[in-house]
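The values are calculated or read from the model by the stated rules, or taken from the named source; none is laboratory data. Treat the numbers as computed from the prediction; the structure is a model and nothing was measured. Here Cβ is always computed from backbone atoms with ideal geometry, including for glycine, and neighbour counts include all displayed protein chains.
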Amino acid sequence: MKKKICIIVSAYYPKISRNLINGVLKNFKKNRIKNYKKILAPGVFEIPVIIAKNIYKFDAFVALGCVIRGETPHFEYISRSTIDGLMQISIKYKKPIGNGILTCLNKKQALIRSSPILKDKGGEAAEAIFSVLKN
């Protein structure tokens, strides 16, 4: 596959983000993907705007990061607006965006879901864009 792919990853939870990236890169290696670029975002909320700014430079995107529920409704607002933003961009520009943004109840759950060995949500996000690109 000769597509140019962009991985946008939140820096907010570095260990979780590293796990997610490792899952994506494992999947890219399996699918012989070499043409990709990583862009760091401060948090997940900034990922949709970074994708929008780069929409014409890439064929597909993988969005990676994590939101962990806290004591306030902040979790709900950030999660919903980020996921809605990704979907709107994907539909408007007809470009696949693999959603590897975890919405977890606690850090332990996030570490398990981000692990390329246990749950591999990063690898699943990469696989999703390949499925869409093939159709």
In segment 39-64, the residues that are within 19 Å of Leu133 (Cβ to Cβ) and in a strand (DSSP E or B): Ala60, Phe61, Val62, Ala63, Leu64
Just checking, which of Gly85, Gly100 is touching a Lys or Arg at 6+ places or on another chain (Cβ under 8 Å) and modelled with pLDDT of 95 or more? Gly100
Name the residues in segment 86-102 that are surrounded by fewer than 21 Cβ atoms within 10 Å (Cβ to Cβ) and among the β-branched types (Val, Ile, Thr), would you? Ile89, Ile91
Among the listed residues Ile78, Ile33, Ile83, which satisfies the condition of being touching a strand residue (DSSP E or B) at 6+ places or on another chain (Cβ under 6 Å), touching a residue at least 12 places away in the same chain (Cβ under 8 Å) and surrounded by 12 or more Cβ atoms within 10 Å (Cβ to Cβ)? Ile78
Examine segment 21-34 for a residue that is farther than 12 Å from Lys4 by Cβ, outside any helix (DSSP H, G or I) and at pLDDT 95 or above, and state whether such a residue exists. no
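Glu76 - would you say it is over 13 Å from the mean Cα position of the chain (by Cα), closer than 22 Å to Thr103 by Cα and part of a loop (DSSP other than H, G, I, E, B)?
The answer is no for Glu76.
Within segment 51-61, restricting attention to residues that are within 12 Å of the chain's Cα centre (by Cα) and closer than 15 Å to Gly85 by Cβ, which residue is surrounded by the fewest Cβ atoms within 10 Å (Cβ to Cβ)?
Filtering segment 51-61 for residues that are within 12 Å of the chain's Cα centre (by Cα) and closer than 15 Å to Gly85 by Cβ, the one surrounded by the fewest Cβ atoms within 10 Å (Cβ to Cβ) comes out as Ile51.
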Looking at (1) under 15 Å from Ile129 (Cβ atoms); (2) part of a strand (DSSP E or B), can you tell me which one Val67 breaks? (1)
